[in-house]
Amino acid sequence: MQKVKNFINGNYVDPIKGKYIDNVEPGTGKVFSQIPNSTQEDLEEAIKAAKIAFPVWSTMSVDKRSRILHKLADLIETNLDDFALMESRDNGKPLWLAKAVDIPRASTNFRFYASAIVNFSTEAQVSEGFMVNYTRRAPIGIVGCISPWNLPLYLFSWKIAPALAMGNCVVAKPSELTPMTAFLLGRLANEAGMPPGVLNILHGEGKGIGQAIVEHKSTKAISFTGGTATGKIVGATASQQFKKVSLELGGKNPNIIFADCDLDEAAKTSVKSSFTNQGEICLCGSRILIEDSIYEKFKTKFLEECRKLIVGDPMDTNSNLGALVSEEHLNKVDSYVRLALEEGGTILHGGKRIEKEGYYYEPTVIEGLDEHCRTNMEEIFGPVVTLNRFQSEEEAIDIANSTRYGLSCTLWTSDLKRAHRVSHAVQSGIIWVNCWLIRDLRTPFGGMKDSGIGREGGNEALRFFSEAQNVCIKL
Ligand code: NAD
């Protein structure tokens, strides 16, 4: 069985206290690796290495830093198959999805920030004959990056790429449920020529090593992606030391279908936005709001598409959905389906665990719920969607905004003015109109309300990972 190690100061090392946790493969339900359950002692080693590396990395020419990150992007591409296999075994997602989306996007994250840092510029204001102000943006120092299990390497790299590009040293922790691709990354960082100590990767539990990274007085900024409840703890802890903090948290995203939409396309894409990655994407639309006049038509088409979905072995290219990430998560998803029945819902499709080894759940469609019931208010983060009716644009906006979350929203309409009007009225960090999950890395990304604070993406991320200083010169 593979024993994962921490990556500290350019070396793979065992956890100092020798503690390990089992890592289970969701597709089989069997343990397939062991990972360090790191402690404060391991963190101190990582911090020590990062402190030594910081003067080297932060003063390296931008061109050289950029080349190293480009090389890392190349190496991920070269090792695509290994990464995709690990990601699929670790997470339960279909191998084809890891190959087509997760790993290429992780490589693109490094490539994007390798280029962005070369093009990054700061501002200057000239008051003619009186003064000049310019802004200096310097790396912060050592930053902590903590990521979840649903898109393991993709979300991990989306944090560490801008942090590194800006000249920071990083202490990063992937989810303990999906550690394998982060484990592979260390070797490639060395191959790319990254100096030891610049990137340090610690494995273990959130409450242990995750919390320790956030608490450590030497981590000057924390970039966290995960659940809203954890984000609250991370935010509160980081603010005690006035650290910069970015929180990308949960969602309960509305997918609004207006009567004037292209019904075929709306139904087809809605199946994707509901069930891709087993519904375990923070941007999946889990509340489908349908204009009353086309409710039955949409429902028929949507269910037709749902019936085509195959849930199966992640290694099988025919599987549309693989396994859920863990037994605990599967039980949580199932408990919400039971709750929906108690709340008066009717299951139109799916609704139960698939009885085989591993953690497989049927894509599930529920209707007939009150739009304010718990099933419609709380994040399930699995292959479960509800169908809900609305009568008017105002009502659709009200329902869309009725949860504590504000991460993403999808609109289906052919009315351009309505597309703008509703986009501006919905409290959501990202709005997709007649599409879903299309990504341009230059745009800011992040949630409103309890879906988070701060923005990732583009120059926002480079700014986040820097300290701004204004220099004012009297002329
Ligand atoms: P989680 O909050 O349980 O864990 C996320 C990470 O935080 C893990 O690495 C975990 O070990 C660590 N952690 C846990 N407790 C910690 C603590 N006290 N201090 C520091 N770190 C701690 O989330 P999860 O179950 O891994 O992921 C699912 C959640 O992530 C969902 O709510 C989903 O919506 C959200 N998510 C959000 C985005 C986004 O961009 N907004 C993207 C993906 C996932």
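Every number here is computed from the coordinates shown, using simple stated rules; none is lab data. Note that the coordinates shown come from a computational prediction; the quantities given were computed from them, not determined experimentally. Please note: Cβ atoms are built from the backbone with ideal geometry, for glycine as well, and neighbour counts cover all protein chains shown.
Tell me which residues come under 5 Å, amide H to amide H, from I290 once H is placed; ignore anything under 5 positions away on its chain.
I257, N388, R389, F390
Applying the Karplus parametrisation 6.51 cos²θ - 1.76 cosθ + 1.60 with θ = phi - 60° to the phi angles of segment 70-75, what ³J(HN,Hα) value in whole Hz is obtained for each residue in order, glycine and proline being reported as x?
In residue order, the calculated couplings are 4, 5, 4, 4, 4, 5 Hz.
If you rank T346, T237, T403 by fewest surrounding Cβ atoms within 10 Å, what's the result? Display every interim value, and only then the final one.
Values: T346 13, T237 16, T403 25.
Taking fewest neighbouring Cβ atoms as first place, the list is T346, T237, T403.
About its Cα centre, what dipole magnitude does segment 254-440 give when the only charges are +1 on Lys and Arg Cβ and -1 on Asp and Glu Cβ, stated in debye to the nearest 20?
200 debye
So if I restrict to the alpha-carbon atoms in segment 254-440, what is the Rg, and what is Dmax, the biggest pairwise distance, in Å?
15.7, 50
A 28 angstrom limit on the alpha carbon distance is what I want to check against. Which of K243/K332; K48/K159; K299/K449; K173/K308; K99/K159 exceed it? Provide the component values of the computation, followed by the final result.
Details: K243/K332 33 Å; K48/K159 21 Å; K299/K449 30 Å; K173/K308 37 Å; K99/K159 20 Å.
Pairs exceeding the cut-off: K243/K332; K299/K449; K173/K308.
Residues with amide H under 5 Å of G285's amide H, sequence separation 5 or more or different chain, H placed in the peptide plane at 1.01 Å from N; which?
Residues meeting the criterion, in which the H sits 1.01 Å from N, are S274.
Once you sort the root eigenvalues of the Cα gyration tensor of the chain as a ≥ b ≥ c, which label holds: rounded (a/c under 1.5), prolate (a/b larger than b/c) or oblate (the other case)?
oblate
With charges set only on the Cβ (+1 for Lys and Arg, -1 for Asp and Glu), what does the dipole of the chain come to about its Cα centre, in debye to the nearest 20? Can you show the working numbers first?
Values: 53 positive and 57 negative charges, 343 e Å.
The calculation lands at about 1640 debye.
With the contact rule set at Cα under 8 Å and sequence spacing of 6 or more, what percent relative contact order holds for segment 254-440? Walk me through the numbers before you get to the answer.
Details: 341 pairs, mean separation 50.5, N = 187.
After rounding, I find 27 percent.
In straight Cα distance, which aspartates and glutamates are under 17 Å from K93, not counting same-chain residues fewer than 8 positions off?
E25, D81, D82, D102, E176, E280, D313, D316, E327, E328, E357, E362
Collect residues whose amide H, placed 1.01 Å from N in the peptide plane, falls under 5 Å from the amide H of K19; neighbours closer than 5 in sequence don't count.
Amide H neighbours of K19, under 5 Å, 5+ apart: N37.
Step through the residues of segment 424-430 one at a time and calculate ³J(HN,Hα) from phi using the Karplus curve (6.51 cos²θ - 1.76 cosθ + 1.60, θ = phi - 60°), rounding each to whole Hz and writing x for Gly and Pro.
Residue by residue, segment 424-430 yields 6, 8, 7, 7, 8, x, 9 Hz.
If segment 155-204 were replaced by its equivalent ellipsoid, with semi-axes equal to the square roots of 5 times the Cα gyration tensor eigenvalues, what would those be, largest first, whole Å?
Values: eigenvalues 59, 31, 17 Å².
Over the Cα atoms of segment 155-204, the ellipsoid semi-axes are 17, 13, 9 Å.
Please list, in order along segment 83-100, the HN-Hα scalar couplings obtained from phi with the Karplus expression 6.51 cos²θ - 1.76 cosθ + 1.60 (θ = phi - 60°), rounded to whole Hz, x for Gly and Pro.
Result, rounded to whole Hz: 4, 5, 5, 5, 5, 5, 5, 6, 9, x, 6, x, 4, 4, 6, 4, 6, 7.
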